[in-house]
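What follows is a short report on a single structure.
The values are calculated or read from the model by the stated rules, or taken from the named source; none is laboratory data. Keep in mind it's a predicted model, so treat the numbers as computed, not measured. In this analysis, Cβ positions are derived from the backbone assuming ideal geometry, glycine residues included, and neighbour counts consider all displayed protein chains. With ligands, DNA and RNA removed, areas are computed over all heavy atoms of the protein, side chains included. Shrake-Rupley method; radii C 1.70, N 1.55, O 1.52, S 1.80 Å.
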Amino acid sequence: METKKPTATQLNKLWKHGQELLGVEYPIMCGAMTWVSDPKLVSQVCNAGAFASLACGNVPPEVLEQQVVETRMLTDKPFAVNLITVAPNYKNHLDVATQAKLPVIIFAGGLPRGPEIEKAKLSSAKVLVFASTNVIAQRMIRFGVDGLILEGMEAGGHIGPVAGPILWQQILFKHSEDIPIFIAGGVATGKMMAHLLLMGAAGVQIGTRFVMTTECAAHDRFKLAFKRAQAREAIATPQFDSRLPVIPVRALRNKGTDEFNKLQFEVLKKLDAGEIDREGAVLEVEKFWIGGLRRAVVEGDVERGSLMAGQAVGIVDEIKSVNDVIDELVIDAERELERIAEEL
């Protein structure tokens, strides 16, 4: 028996553009998370009426191709792939996505080039691009993308330099009538979602909360770490010296993050003493986290693995089914909109 979905009368007035772009009932996007956003989770989110993307990371192209096939076996709903533009397999991933005729292609991790956006659009896909600064957003709009995902630095994993509320004022307030804009970073409740829609958002993207679902394949210890965490424990990777560039990542603090900080100081001492050149120093730092996310998500090493999580982890303390999470978001958002309408 098909479960009755919650009504979204008020929501449908606000997120129409998001519905049309994604082709879904609820433009609630499950963020693409490496080792987490697999065919099972993606299909479950899509079958519940929302939207999700396969996380490409740097998997071999044939693996991504198989994941697309597997996801299509599990759902007849629209879904996307999330392409990391700085990944060595990026161009091959783009080929897989366009040949699969996916309805949506998402570019992340850096700026796609104009011809790459055009290639995606020629495959009949709608193109979404992450924007972590106003400059990036303006450039992507000029490139003709179909929608933006504004991701504030509150988000988990690889993050940009600007907080969400600033991006909303710089971009959402100015361009929400020109192009569908989805908000990512720090979103975990229906009430918050309702207010973002009132500000002009076409929908939202949520990552951390979907980790805390029964359908998510992440290790139980990984989920338990999320359940116990406070918002302040989801910290961004610090950079102590410009000679050692560090890609900012937000993750839960553990022994691994502490050891990484110590490593930076040790490498800087070697650099100052002339015991190592800059290239070697950068290589030492970059090697530290190789395989770190897999160790945490798949193997359950929550001490030294990378526990990528957004600050919304401080709000999420219960594991629920995907259906229950989406229903709760929709019901709470609808109630909030009804409350506001009564007070006006």
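How big, in percent, is the set of alpha carbon pairs in the chain lying more than 27 Å apart?
On the way: 26479 of 58996 pairs.
Here the tail beyond 27 Å accounts for 45 percent of pairs.
Taking the Cα centre as origin and putting +1 on Lys and Arg beta-carbons and -1 on Asp and Glu beta-carbons, what dipole magnitude results for region 55-157, to the nearest 20 debye? Kindly include the intermediate steps, with their values, before the conclusion.
Details: 10 positive and 10 negative charges, 71 e Å.
Roughly 340 debye, rounded to the nearest 20.
For Ser321 and Asp76 in one chain, what is 0.36 nm times their gap in residues minus the Cα-Cα distance, to one decimal in nm? Let's see the in-between values first.
On the way: separation 245, 0.36 × 245 = 88.20 nm, distance 1.99 nm.
Result: 86.2 nm gained on full extension.
What order, most packed first, do the peptides 17-23, 304-310 have when packing is the mean number of other Cβ atoms within 10 Å of each residue?
Details: 17-23: 20.3, 304-310: 26.3.
Answer by packing, highest mean first, reads 304-310, 17-23.
Per DSSP H run of n ≥ 4, the term is -39500 (n - 2.57); total these for the chain, divide by its residue number, and report the mean residue ellipticity at 222 nm rounded to 500 deg cm²/dmol.
Numbers: 15 runs with 147 residues, N = 344.
Counting only the DSSP helices, I get -12500 deg cm²/dmol.
Show me 311-322, 234-245, 4-15, 73-84 ranked by packing, highest mean number of other Cβ atoms within 10 Å first.
Values: 311-322: 18.3, 234-245: 14.2, 4-15: 16.5, 73-84: 20.1.
Those peptides, ordered most packed to least, come out 73-84, 311-322, 4-15, 234-245.
Label-point separation (nm) for Arg142 and Lys262, each offset 7 Å from Cα along Cα-to-Cβ?
4.8 nm
Could you tell me the distance between the Cα centroids of region 130-208 and region 15-86, to the nearest Å?
Value for the Cα centre distance between the two parts: 19 Å.
Please identify, among Leu54, Leu224, Leu150, the residue showing maximal mean-square fluctuation in a Gaussian network model of the chain using a 10 angstrom Cα cutoff.
Per the Cα network of the chain with a 10 Å cutoff, Leu224 tops the list.
Calculated FRET efficiency, Met199 and Leu122, Cβ-Cβ r, R0 45 Å, to nearest 0.05? Let's see the in-between values first.
Details: r = 33 Å, r/R0 = 0.74.
With a Förster radius of 45 Å, E is 0.85.
For the chain, what relative contact order do you get, as a whole percent, if you take Cα pairs closer than 8 Å and at least 6 residues apart? Could you put the intermediate results ahead of the total?
Values: 682 pairs, mean separation 64.8, N = 344.
Relative contact order comes out at 19 percent.
Order Ile247, Ile340, Ile149, most accessible first, counting only protein heavy atoms with a 1.4 angstrom probe. Show your work: numbers first, answer last.
Values: Ile247 120, Ile340 35, Ile149 0 Å².
Of Ile247, Ile340, Ile149, the descending order of accessible area is Ile247, Ile340, Ile149.
Report the one residue of Ile141, Gln169, Ala80 whose Cα lies farthest in the direction of the positive end of the charge dipole of the chain (charges on C-beta: Lys and Arg +1, Asp and Glu -1; origin at the Cα centre).
Looking along the dipole axis, the top candidate is Ile141.
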